[in-house]
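Note sheet for the following structure.
Any read-out appearing in this document is the output of simple, stated calculations on the displayed coordinates, not a laboratory observation. Given the structure is predicted, the values throughout are model-derived calculations rather than measurements.
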Amino acid sequence: MVSPQVTFCVVGHHKRRDMATRLADTLHAQLMIDEGDHGSNWNHRRAIEWASQQDCRVVILEDDALLLPGFSESVSEWVTRFPDHLISFYLGTGRPPQYQQQIATRLIDADKRQGDHIIIGRLIHGVCYSPPVSGIAKILSNWNRNQAADYSVGDALGGEVIYPCYSLVDHADGASVERHPDNEPRSERRRAWRLAVSP
């Protein structure tokens, strides 16, 4: 499934080892399991460090990402189209709540102009994303260990984040395996707004 210009890294928690391993096997991906409950920020940082050592674009997925048919091929098209942008291949409902109205408005605007993506000034999901090769050093040097992983990646890089209107993965939306920095329970429905194809 791996194309010449893209490789994959799966970050997972030891409580979801089987799920993470299956996903990594499907993509022939590098697998990084958090064995010591260090947290998502720590594990995503490891994935970015690994990405810095690769000679191609890297897509980072969390263990509860649900691939849609044609995922790898679609990823290749998007990273070829936006080589210098951070791209999120998942646009989710529920979390974070403060962005949901903005997402809805921008999806409507995209529909009106027949656009296939929206732009948000922040990475708001860590489910499946790809940092630009040109930005990885900046992400590592500006990393904030006290933020949620998705915010740490996007805020360290800065700039616009590309979100396809139709997500290339869905989110399994199971029980959280870690304590989040904001200490808020994840009770909202966390699934993709729209899917590229039916799963």
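Normalising by the residue count of the chain, find the relative contact order in percent from Cα pairs under 8 Å and 6+ residues apart.
Details: 372 pairs, mean separation 53.4, N = 199.
Averaging sequence separation for qualifying contacts and normalising by length gives 27 percent for the chain.
Quote to one decimal, in nm, the extra length available between residue 21 and residue 101 on full extension: 0.36 nm per residue of separation minus the C-alpha distance between them. Spell out each step's value before the answer.
Working: separation 80, 0.36 × 80 = 28.80 nm, distance 3.50 nm.
Full extension from residue 21 to residue 101 adds 25.3 nm.
Could you tell me what % of all Cα pairs in the chain have separations over 28 Å?
That tail contains 18 percent of the Cα-Cα pairs.
In terms of its C-alpha gyration tensor, the stretch 58-118 comes out oblate, because a/c is 1.5 or above while a/b does not outweigh b/c.
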